[in-house]
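Written out below as structure tokens is the structure these notes cover.
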Amino acid sequence: MSSPPDIEVLVVGAGPVGCWVAAELCAAGVRVMVVEARENRAAWSRGFVVHPRTLEIFDSRGAAAPMLAASRRVPTWHFAMGASRLDFAVLPTSFPYILLQPQAQTEEMLEQHLNRHGGEVLRGRRVVDVRQQDDRVVATVRHDGAEQTVAARFVVGCDGAHSAVREAAGIGFSGTPDTLVSPAALVELKDPPPPEQYMQGNEQGLLFVIPLPDGRFVVSTIDHAVMTDLSKPWTAETVRESLIRITGTDYGLGEVERISTIGNSASQADRYRDGRVLLAGDAAHVHFPMGGQGMNLGIQDAHNLAWRLIAAVRAERDGGVPDTVDELLDGYEAERRPAGERVLEDVHAQMGLVAATGADGAALRARFEALLAEHPEVNLQYARRLSGIAVRYPTAQDSNDAKDIVDAEDTRLGARVPDLLLERDATPPVRLYELLREIGPGRFVRLSVGGPAAGTGDTDDGAALIAATAVTGPAWALRDGWDIPGSVLIRPDGHVVEARTW
């Protein structure tokens, strides 16, 4: 067998998803190369929302603070651009809100996070071919007209909806075509609507306005009069006409710097893994940016994949058996593809609501908004789904193999661990996520509450031990059984795989 390649993981694409998976790998000592076809970081943002679960992930690695300092916090969010908002303030999290932040700014901050862990982005390098061998992947990378061959144990395609990695691996991208289009325009508004009217709708369509830190706005409409004309060119004048048609005013529309069109097509990779090639983010799934879930879904892909790649690389370094690596990496698709399917279903449902026309459509939206307003439990259910904190992966209890689990009905199993406030002997209370930062990527953690003496260290199975005497803090921290004395085994991505009570 040939010697192992110098590069252990090649990450293709340096958007938020690629930067996050690369940072996790670098922090764990994996040798990573990140290549990006763009010469410069993106200046235009398609997305503007960082959801609570994504903030939890960032916080557990010390990456949330710059975003929290620079962005606007919004405690409610919309479903299908309706007036009855989803109440994120009641979510069981330290981050009961969304952040409004241009995705280009998020990307910049995550690249800085990658740099702090010793990684860098090599720009102007386009992957044009990927070939798999028994123990490696060989990629052809084009840069300044010349081609370079890069060999790595694994390749992660984070290179967007038109992924060259996905195409080279022969992975299909199945879904539904565009049936409507919506403009997204970067504009100046001399007489902008008040914040409570940033989202509004009627029988003519819907308006969505996002204020930017520099005083400009992103304006988007779903205009029932023209939305199905897929060939319609959107100009400053047609944006003005759409605003007037829906709201009766153009809000003093001034300079229109940029207009892009967004269709409602939705596609998902037929598989997320092909041997040593894996997909994440838009390379694995794309949809209309309704609800701002796309980047967040991709970050959660990256967080799930990173710890598996860390373990797979370490196993191969140690001469581990291929079956072990296959089981680790197959688990990524088994968990994340269904998560992607659920988001695509949610987006399809929202698009069905916003695209319903005339009086019938208006009545349908009014009925759904009444449902959210009058039934807090329904509101909470949708808030949990859109925020990302409802994701729960199958565990032993779901496969009827609960021999290592004391309580097979424990709702914590498969769920992410919240940011508990822990008390340990002779030390001030500390947040769990702060401790997870110190432990870093790639480690399992056993959290023991109310049992053995408080402290830290390692357990016999190699997991990092966090032992505490009490769980205190806000009321949400005690929901779902987190106040029960016992222990949980937490995966490196923050999800619980074992729970015991004392």
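Structure above, values below:
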{"read-out": "Pick from the range 136-149, criterion in contact with a Ser or Thr (Cβ under 7 Å, 6 or more places away or on another chain) and surrounded by 11 or more Cβ atoms within 10 Å (Cβ to Cβ), ranking: nearest to V313 (Cα to Cα)", "value": "V138"}
{"read-out": "Any hit, the range 314-333, residues being buried (at least 23 other Cβ atoms within 10 Å of the Cβ) and assigned to a helix (DSSP H, G or I)", "value": "no"}
{"read-out": "Residue list for the range 219-245, restricted to those being outside any helix (DSSP H, G or I) and open to solvent by less than 60 Å² (accessible area, probe 1.4 Å)", "value": "V219, S220, T221, I222, D223, H224, V226, M227, K232, W234"}
{"read-out": "Selection within the range 276-287 - open to solvent by 10 Å² or more (accessible area, probe 1.4 Å) and touching a Gly at 6+ places or on another chain (Cβ under 7 Å)", "value": "D282, H287"}
{"read-out": "Qualifying positions in the range 129-147 - in contact (Cβ under 8 Å) with a residue 40 or more places away in the chain and among the β-branched types (V, I, T)", "value": "V130, V137, V141"}
{"read-out": "S94 being touching an Asp or Glu at 6+ places or on another chain (Cβ under 8 Å), surrounded by fewer than 21 Cβ atoms within 10 Å (Cβ to Cβ) and of a type in the set (S, T, N, Q)", "value": "no"}
{"read-out": "Count of the range 428-447 residues which are over 17 Å from F58 (Cα atoms) and surrounded by fewer than 16 Cβ atoms within 10 Å (Cβ to Cβ)", "value": "2"}
{"read-out": "Qualifying position, being closer than 26 Å to A312 by Cβ and open to solvent by 60 Å² or more (accessible area, probe 1.4 Å), among R336, R367, R392", "value": "R392"}
{"read-out": "Odd one out for D59, checked against (1) over 29 Å from M351 (Cα atoms); (2) modelled with pLDDT under 95", "value": "(2)"}
{"read-out": "Considering residues of the range 152-168 that are of a type in the set (A, V, I, L, M) and in contact with a Leu (Cβ under 8 Å, 6 or more places away or on another chain) only, the residue nearest to P5 (Cα to Cα)", "value": "A152"}
{"read-out": "From G205, G170, G160, residue being touching a helix residue (DSSP H, G or I) at 6+ places or on another chain (Cβ under 6 Å) and open to solvent by 10 Å² or more (accessible area, probe 1.4 Å)", "value": "G160"}
{"read-out": "Subset of the range 1-12 that is out of contact with any helix residue (DSSP H, G or I) (no Cβ under 7 Å at 6 or more places or on another chain) and in contact (Cβ under 8 Å) with a residue 60 or more places away in the chain - its residue that is most open to solvent (accessible area, probe 1.4 Å)", "value": "M1"}
{"read-out": "Residues of the range 265-275 that turn out to be open to solvent by less than 30 Å² (accessible area, probe 1.4 Å) and out of contact with any His (no Cβ under 8 Å at 6 or more places or on another chain), as a count", "value": "1"}
{"read-out": "Residue match in the range 246-258 (condition: crowded, with 24+ Cβ neighbours inside 10 Å and modelled with pLDDT of 95 or more)", "value": "no"}
{"read-out": "Single residue of the range 66-83 satisfying the filter (within 13 Å of L372 (Cβ to Cβ), crowded, with 19+ Cβ neighbours inside 10 Å and small (G, A, S)) that is modelled with the highest pLDDT", "value": "A80"}
{"read-out": "Those strands (runs of 3 or more DSSP E) lying entirely in the range 77-183 with at least 1 residues farther than 15 Å from V34 by Cα", "value": "98-100, 126-132, 146-157, 173-176"}
{"read-out": "Filter result for D214 (open to solvent by 10 Å² or more (accessible area, probe 1.4 Å) and either farther than 21 Å from Q105 by Cβ or assigned to a helix (DSSP H, G or I) (or both))", "value": "no"}
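The values are calculated or read from the model by the stated rules, or taken from the named source; none is laboratory data. Here the structure is a predicted model, which means the values were calculated and not measured. Reconstructed Cβ throughout: ideal geometry from the backbone, glycine too, with neighbour counts over all protein chains shown. When the accessible area is computed, the model is the full protein with side chains, heavy atoms only, and any ligands, DNA or RNA have been set aside. Shrake-Rupley method; radii C 1.70, N 1.55, O 1.52, S 1.80 Å.
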